[in-house]
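Since the structure comes first, as structure tokens, the remarks are kept for the end.
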Amino acid sequence: MQGRKITILILSAFIAGTLLLVYIEYNSSKNINRLITANEQLMQEFNISTQLNELQKRIISTEYQIRDALAGKDPVQVQDLEIAVEEMEKQLSLQNYSAELSSLVQQKIKWNRQLIDTLVAAGKPAAAKLLNEPAGKELTAAILETVNKFDSSRKDHLDEATQLIDKSGQKAQQFSQTLIVLVLVSGAILFWYIISIIRRQILLIRQLNISEKKVKQSARIKENFMANMSHEIRTPMNAVLGFTDLLQQKPLDTEAKKYVATIKKSGENLLTIINDILDLSKIEAGMLRIEAVVFDIRKLVHSVEQLLKHKAEEKQLALVIETDPSIPELLEGDPTRLTQILVNLVGNGIKFTHQGSVRLTVSQVVQNDARTLLRFTIKDTGIGMDAKTLPAIFDRFRQAEDTTTRKFGGTGLGLAIVKELVSLQSGTIDVESQPGAGSLFRVEIPYKTAVHKPIEKPVPPPLPNPTPLNQQKNSRLLVVEDNEINQHLISQLLSNNEFLFDLAKNGKQALELLREKSYTLILMDIQMPEMDGYATTQEIRKRLHLDIPIIALTAHAMAGEREKCLGYGMNDYLSKPVREQELLKTLEKFILLEPSYSASYSCINLSYMREVSNGNLDYEQTVTRLFIDTIPGNLQLLEQYWNENSVSDLRQLAHSMKTTVSVMGINEQLQPSLDTLETDQLTEEKFRAAYGDIVNICEHALKEARQFYATIRPPA
Ligand code: ADP
């Protein structure tokens, strides 16, 4: 608005100034023209007056010349007199005199010629007589009088012209003075205007610089705040969840177990919510950087599948992943964010589907040398959504149904984050869904088609071969952790699993310990006073030249943290809250653990039991014992029932065995044979084949179960 006003003002001033200049110019040139005309007129008058004087002089001098010639004694030179008369004639022809004057002069010329003729024909006395006649004198007097009259009227004209010149001159001077003043004033205004604009611009640039600095500063503050928030929230959560894990391993009565399980579930939910909120705040603060690194799309999709496979299996859903084979192997973009998007959408698919499948299809819409536009389609056969709620699902804290939280949990932030992440990567997302008919989410993201190999990240030192820990009597772990609660927690976790370890409060202390003793592995906290985890790792690698495995333990959940840790030379990364199973799994990569934790069994699979037991060795011992004790009897009974032809007992037992064997993870192997016994029309041959399989598998499993049982420590 202000700008428009100024423009109109400047435009009007420009038009007014131009009009004024045109007016002044017009007047000024009019006056100059007048001056020129008046000057010409003046010159003409001057000419006329000179000519008149000349004529007057000529007439009088011719008159005297004739008189002198006639009065003198010498013979008259007629030729001279004729020349004088001719001169008079010439003088007359030079100017347009008034008719009256011309005729008088003509008469005078005639009179003079008559005198000359008389002089030539009759001699001096006759000519003198004619000369003295009054007619000649009168003619001369008339001419002189006319000339005088004419001359005085010329003088009036001359005065008039002079006055006109004076006036026009004055006016022209006035106008040019006005023009000069005007030019000076407008020059001054223009100068002032330009200077004020420049000053304003300088001021603006200064202000911009200041605000840019402020913005950068506040972004830094925000970033620090987010990092600290993330750290500060995760540290106590780490303690809550970690100690809950430990508490679950203590002998508790049923009610206490229920309470602890509730604390754990709520803690986990809280952590998910906190992660979501932190993610969203990071996006809002503009702190979420989209990386451009080379990645393998197939590996990424595979890792998503691995991550969610178990959840789908738990709900007996088929998780189908299809990747178009023509998609280039390497793309350039942000793999972390893509993983987050896919995990969220496929995870939602699994969450909101009770039976059927969740299908992730990766195809390409556009592909050329420079760009690949990928389309990810996530289709489920779940509960779906109605058209009314569809548009709102990408809004924050929005769930399709109010009952969703009660039924499925969640915060309603997942899709909002996904949408932000997609648009940050210049992509699009849309959804099609109908209640009861499943949902289809379609995400399209452009990637650069990478031609080079993945950028080599600083390579962490090669992994040492896992060292059997129990074979090294004095082998110890080094835990570098400043927070007392965390020290306590990690000490508990490690002692529970019979690890020997030393604690260092910060990087400096860790380095001192490393100089004195040798360790098998280091668990390294990142944020510590004195010397943080990154610097300590650098020192260990560069100064102490140790290639000991270092596992980062960090409460930072910022994107790229893992890569950063690996970049500093650490070998692996565990994000806090550290869970016992995760810790053991990671440790297992670097050191051989006791058989109870290594998956060295070829028949039994303990993952299901561990998941249920959650580290509760008492439970593990009990159910393993139960398996060892019941299975031989069951096998015997199966045969007995067949021999006694009690088919219904046989079927019932086959059915109940399915539960007993699932605890050792052999249900899948046994299922076909147990199904045969339970449902098929049995013949001797059929029974023997199935029974033989069952006995084989169970004996193998029993052997391994006994081994396992022997390794389980009695509960603390
Ligand atoms: P939440 O944490 O609740 O899962 P989201 O933002 O991921 O939050 O999803 C928002 C809502 O959209 C969900 O609560 C659910 O009602 C609906 N929704 C998301 N994905 C699906 C899906 N695959 N099938 C049905 N409903 C879905």
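We did not get these values from a lab; they are worked out from the coordinates using the rules stated. Remember, it's a predicted structure, so these values are computed and weren't measured experimentally. Please note: Cβ atoms are built from the backbone with ideal geometry, for glycine as well, and neighbour counts cover all protein chains shown.
Quick notes on this structure:
- Across the range 255-346, the mean sequence separation of Cα contacts (distance under 8 Å, 6 or more residues apart), normalised by length, yields a relative contact order of 36 percent.
- Alpha-carbon centroid distance for the pair the range 307-382 / the range 409-445, whole angstrom: 12 Å
- Look at where the Cα atoms of the range 64-108 and of the range 153-175 average out, and the two centres are 38 Å apart.
- Helical content of the chain, expressed as a calculated mean residue ellipticity at 222 nm, amounts to -22500 deg cm²/dmol (DSSP H runs of 4 or more residues, -39,500 (n - 2.57) each, divided by residue number, nearest 500).
- All lysines inside 18 Å of K508 as judged from Cα atoms, apart from same-chain residues fewer than 8 positions distant: K517, K542
- Highest mean first, the peptides 89-95, 649-655 sorted by other C-beta atoms within 10 Å per residue fall in the order 649-655, 89-95.
- Residues of the range 654-693 with an amide N closer than 20 Å to a point placed 7 Å from the Cα of Y709 along the Cα-to-Cβ direction: 657-667.
- Degrees separating the helix 297-314 axis from the principal Cα axis of the chain, which is the longest one: 40 degrees
- Restraint check, K264/K379; K57/K124; K309/K379; K315/K379; K57/K149; K265/K311, Cα-Cα greater than 22 Å: K264/K379; K57/K124
- Relative contact order (percent, whole number), the chain, Cα cutoff 8 Å, 6+ residue spacing: 9 percent
- Less than 5 angstrom separates the built amide H of L523 from those of L478, V479, V480, I551, all sequence-distant by 5 or more or on a different chain.
- Relative exposure of S218, S28, S433, judged by other C-beta atoms within 10 Å (fewest first): S218, S28, S433
- Residue-span extension gain [E25 to L544] - 0.36 nm each, minus C-alpha spacing: 177.7 nm
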